[in-house]
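Here the structure is laid out as structure tokens; the discussion comes afterwards.
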Amino acid sequence: AAMEVVEMVLSGSINKSIVASIQAAGGKAVGISGKDGNVLMAKPFRMQKMDANTGEMTQVDLGYVGDPDKVNPGLLETIIHSDAIPVIAPIGVGRDGATYNVNADTAAGAIAAAMKAKRLLLLTDVAGVLDADKQLIAELSLSEIPRLIEKAVISGGMIPKVMSCAEVVER
């Protein structure tokens, strides 16, 4: 039931609000869910956690939290060729038909990579990746990313943003 509420909010009110804003600004937009046309196939997100007592790594079941598995761009290409902007709720469907909530930045990166996008723009309420002196790191190379994550320079919600960008660059 909780996943149905998440899907209803992301695919319903939030998606429709973004579509309405684009149209109010003179654009043409179509709101869809990643489930529509199987645009975003997902698999369960697997998170590792260290047991504080034993030091062993165990998998944590996050329920219906998913990771992109495959992107089927056909429906998106149809929307784009009609000069409309697809507004995609980050809800994916598993091979078993289950519905998964996918991190929006991760979904955007997977979709951009599958569409061979020339650019991926991610919006955030922070300046970007900041160094120890809280100064913006204006440019990162792919090879720097793992070290910056390990040192917690890239942390929290910035990790999926940076990793999504890295995936698009690599693909």
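Scanning region 14-45 for residues that are basic (Lys, Arg), surrounded by 13 or more Cβ atoms within 10 Å (Cβ to Cβ) and in a loop (DSSP other than H, G, I, E, B) returns a single hit, Lys35.
So if I check each of Gly92, Gly34, Gly109, Gly27, which one is at pLDDT 90 or above, more than 16 Å from the chain's Cα centre (by Cα) and among the small types (Gly, Ala, Ser)? Lay out the reasoning, then the answer.
Numbers: Gly92 fails: more than 16 Å from the chain's Cα centre (by Cα); Gly34 fails: more than 16 Å from the chain's Cα centre (by Cα); Gly109 fails: more than 16 Å from the chain's Cα centre (by Cα).
Going through Gly92, Gly34, Gly109, Gly27 in turn, just one is at pLDDT 90 or above, more than 16 Å from the chain's Cα centre (by Cα) and among the small types (Gly, Ala, Ser): Gly27.
Of the residues making up region 46-61, those that are of a type in the set (Asp, Glu) and either farther than 21 Å from Ala98 by Cα or surrounded by 13 or more Cβ atoms within 10 Å (Cβ to Cβ) (or both) are Asp51, Glu56.
Out of the residues in region 62-79 meeting the condition of being among the β-branched types (Val, Ile, Thr) and at pLDDT 95 or above, tell me which one is most open to solvent (accessible area, probe 1.4 Å).
Here is the first cut: in region 62-79, the residues among the β-branched types (Val, Ile, Thr) are 65, 71, 78-79.
This time we only want the ones that are at pLDDT 95 or above, so: 71, 78-79.
Details: Val71: 22, Thr78: 91, Ile79: 15 Å².
Here the answer is Thr78.
Applying the criterion of at least 1 residues that are open to solvent by 50 Å² or more (accessible area, probe 1.4 Å) and among the hydroxyl-bearing types (Ser, Thr, Tyr) to the helices (runs of 4 or more DSSP H) found wholly in region 97-171 leaves an empty list. Among the residues of region 142-171, count how many are among the hydrophobic types (A, V, I, L, M, F, W, C) and either more than 15 Å from Asn103 (Cα to Cα) or more than 19 Å from the chain's Cα centre (by Cα) (or both). Going through region 142-171 one residue at a time, the tally reaches 10. Residue count for region 86-96, restricted to those that are under 20 Å from Ile18 (Cα atoms) and either open to solvent by 80 Å² or more (accessible area, probe 1.4 Å) or not in a strand (DSSP E or B) (or both): 1.
Hey, any hits in region 39-58 for a residue that's hydroxyl-bearing (Ser, Thr, Tyr) and modelled with pLDDT of 90 or more?
We begin by selecting, within region 39-58, every residue hydroxyl-bearing (Ser, Thr, Tyr); these are 54, 58.
If we keep only those that are modelled with pLDDT of 90 or more too, we end up with none.
No, region 39-58 has no match at all.
The values are calculated or read from the model by the stated rules, or taken from the named source; none is laboratory data. Here the structure is a predicted model, which means the values were calculated and not measured. Cβ coordinates were reconstructed from backbone atoms using ideal geometry, including for glycine residues, and neighbour counts include every protein chain displayed. The area values use the complete protein model at the heavy-atom level, side chains included, leaving out ligands, DNA and RNA. Shrake-Rupley method; radii C 1.70, N 1.55, O 1.52, S 1.80 Å.
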